[in-house]
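The values are calculated or read from the model by the stated rules, or taken from the named source; none is laboratory data. Being a predicted model, the structure only gives us computed values, none of them experimental. All Cβ positions, glycine included, derive from the backbone under ideal geometry; neighbour counts span all protein chains shown.
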Amino acid sequence: MKRLLFLTFAIVLLLAGQARGQQTIAERLGYPRDAKLLIVHADDLGMTHSVNAATIKAFESGLVNSGSIMVPCPWLSEIAAYARTNPQADLGLHLTLTSEWTSFRWGPVAPRDRVTSLLDKDGYFRLTESEAAAQADPKEVELEINAQIERARALGIQPTHLDSHMGTLYQSKALFEVFLRVARKHKLPVRVAKAWFARADFLPSMLNPDDVYIDRILDINPSVAANDWANFYSDAIKKLEPGVTEIVVHLAYDDAEMRGATFNHPDWGAAWRQRDFEFFTSDAFRKLLQENQIKLITWRELGKLIK
C-alpha cells in the first residue's frame, strides 16, 4: 500500500512538473535550478520576553529572517506590537498544542470547555507532542488552531506561514489533515519538506502539486555538545544542497527569566538558545553565506506561489 501511495504521488508530481516545465521550487520562485536558498527561522516568539528580545535583535542583523509566534503564550502582546510596527517582517504562527515546561505553562485560546481533549488534569496543554496527539480530538484541534489564527489577526499579526510547535500536527494523518485544511482555508503555506516523506508516509498522498513545500529542514539536536555548536552549523551550511532549505533555530538570552522558564530542562533551554543566538548573528555566519553563495529567502516569498 505504501509503495502504491508513493508511486501515485510520484506520477502526479511528474505530470505537474511537465505542465510547469518541470520546475523546482527554486525555479517557481524565479531562481536558477542550482540556487542554494535558505530560510533562517526562529521558533517560539511570544514565549518569553527573552525570546522576543533576542529574536528581534537577530532580525536586525539581517541574518535571521523569519520566525513564528506562539499565540497562547504570555508574551504575545509584545511580539504583536513588533509585528504591527514591522509589517514587512516574515512572521508566521507556531500553532501550539503542547506546554512542555514543568513550571511555565499555558493553555488554549478557544474556550476550555470546547477543547477538553487538548488539556491535562490542570487545564494546561499536555507536556509532550506524543501525548497531545494521542488524546486530541481532531475537531477540537481545528477549533483551537483556527482560534489561534483569529487571535493573532485581531492583534494585527498578518501571518506569512504556519508551522507546528513540537511537531504535534505532524504526528498523525488525522492531525495533518486538519492542519492542511486550515492552512488552505487561510491560503498560507505550511512547514513541510520533501525530505520528510520517507518518515511520514501519509504526507505524499495528502499534498497536491499546487501545495508549496520546501526541500529540507535542518536543526540541531541534543546529541551535539555545546563546544561543537558552531562546527555543526558551519558544516551544515557548507554542505547545503541546491533548493530551498530551512534552518530552525531557537533564540533567547541565557538570563534569569529564561533559566527560570526552562528550569530542569537543558534541551532547548536558556544556554542552548544563547548559543543559537550567538552563532546566527555572527560575522562568521555572514561570511559562510557569502562564501557558499547562499541566498536568504522568506516564507512570504513562498506564500506568493499559492493561488
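Return the only residue of LEU119, LEU97 being in contact with a His (Cβ under 8 Å, 6 or more places away or on another chain) and not charged (D, E, K, R).
The conditions single out LEU97.
Which is within 16 Å of ALA58 (Cα to Cα), of a type in the set (Lys, Arg) and in contact (Cβ under 8 Å) with a residue 12 or more places away in the chain, of ARG275, ARG300? Don't jump to the end; show me each part of the working.
On the way: ARG300 fails: within 16 Å of ALA58 (Cα to Cα).
Within the list ARG275, ARG300, the selection yields ARG275.
Residues in the range 167-186 that are in contact (Cβ under 8 Å) with a residue 40 or more places away in the chain and either closer than 15 Å to LEU143 by Cα or buried (at least 22 other Cβ atoms within 10 Å of the Cβ) (or both): how many?
Qualifying residue count for the region: 6.
What is the one condition in (1) at pLDDT below 95; (2) not in a helix (DSSP H, G or I) that ALA10 does not satisfy?
Exception for ALA10: condition (2).
Consider the range 220-240. How many of its residues are surrounded by 14 or more Cβ atoms within 10 Å (Cβ to Cβ) and of a type in the set (Asp, Glu)?
Qualifying residue count, the range 220-240: 0.
Where residues in the range 197-235 are aromatic (Phe, Trp, Tyr) and at pLDDT below 95, which of them is nearest to ASP137 (Cα to Cα)?
If we filter the range 197-235 for residues that are aromatic (Phe, Trp, Tyr), which is where we start, we get 197, 202, 213, 229, 232-233.
So of that shortlist, the ones also at pLDDT below 95 come out as 197, 202, 213.
Values: PHE197: 24, PHE202: 19, TYR213: 26 Å.
Going through the qualifying residues, I end up with PHE202.
For the range 211-227, how many residues are within 29 Å of PRO266 (Cβ to Cβ) and either of a type in the set (A, V, I, L, M, F, W, C) or in contact (Cβ under 8 Å) with a residue 40 or more places away in the chain (or both)? If you could, list the steps in order and put the result at the bottom.
Taking the range 211-227 as the starting set, the residues that turn out to be within 29 Å of PRO266 (Cβ to Cβ) are 216-227.
Still in the running and either of a type in the set (A, V, I, L, M, F, W, C) or in contact (Cβ under 8 Å) with a residue 40 or more places away in the chain (or both): 217-218, 220, 222, 224-226.
Number of matching residues: 7.
Could you please give the count of residues in the range 84-98 that are of a type in the set (Gly, Ala, Ser) and surrounded by 23 or more Cβ atoms within 10 Å (Cβ to Cβ)?
1
Can you name the residue in the range 141-166 that is among the β-branched types (Val, Ile, Thr) and not in a helix (DSSP H, G or I) and is also surrounded by the most Cβ atoms within 10 Å (Cβ to Cβ) among such residues?
ILE157
So is ALA35 over 25 Å from THR96 (Cβ atoms), at pLDDT 95 or above and small (Gly, Ala, Ser) or not?
Taking the combined requirement at face value, the residue satisfies it.
Of all the helices (runs of 4 or more DSSP H) wholly in the range 254-304, which have at least 2 residues that are farther than 13 Å from ALA54 by Cα and touching a His at 6+ places or on another chain (Cβ under 9 Å)?
Numbers: elements: 256-261, 270-280, 283-291, 299-303.
Correct list: 299-303.
Confirm whether ARG126 is more than 30 Å from GLY243 (Cβ to Cβ), modelled with pLDDT of 95 or more, of a type in the set (Lys, Arg) and crowded, with 20+ Cβ neighbours inside 10 Å.
yes
Condition first: part of a loop (DSSP other than H, G, I, E, B) and farther than 15 Å from MET258 by Cβ. Now tell me which residues in the range 47-70 satisfy that.
Selection gives GLY62, LEU63, VAL64, ASN65.
For the range 73-83, indicate whether the set of residues that are surrounded by fewer than 24 Cβ atoms within 10 Å (Cβ to Cβ), of a type in the set (Phe, Trp, Tyr) and outside any helix (DSSP H, G or I) is non-empty.
Scanning the range 73-83, I find at least one residue that is surrounded by fewer than 24 Cβ atoms within 10 Å (Cβ to Cβ), of a type in the set (Phe, Trp, Tyr) and outside any helix (DSSP H, G or I), so the answer is yes.
Is it the case, given these coordinates, that GLU78 is under 28 Å from PHE279 (Cβ atoms) and under 17 Å from the mean Cα position of the chain (by Cα)?
no
From (1) within 15 Å of the chain's Cα centre (by Cα); (2) crowded, with 23+ Cβ neighbours inside 10 Å; (3) in contact (Cβ under 8 Å) with a residue 40 or more places away in the chain; (4) closer than 24 Å to LYS187 by Cα, pick out the condition that doesn't hold for ASN65.
(2)
In contact with a helix residue (DSSP H, G or I) (Cβ under 8 Å, 6 or more places away or on another chain) and assigned to a strand (DSSP E or B) - does that describe any residue in the range 217-225? Write out each step before concluding.
Just the residues of the range 217-225 that are in contact with a helix residue (DSSP H, G or I) (Cβ under 8 Å, 6 or more places away or on another chain), to begin with: 217-218, 220, 224.
Adding the requirement that they be assigned to a strand (DSSP E or B) leaves 217-218.
Yes: the range 217-225 contains one or more residues that are in contact with a helix residue (DSSP H, G or I) (Cβ under 8 Å, 6 or more places away or on another chain) and assigned to a strand (DSSP E or B).
Can you tell me which residues in the range 181-202 are touching a Leu at 6+ places or on another chain (Cβ under 8 Å) and either part of a helix (DSSP H, G or I) or among the aliphatic types (A, V, I, L, M) (or both)?
The answer is VAL182, ALA183, HIS186, LEU188, VAL190, VAL192, TRP196.
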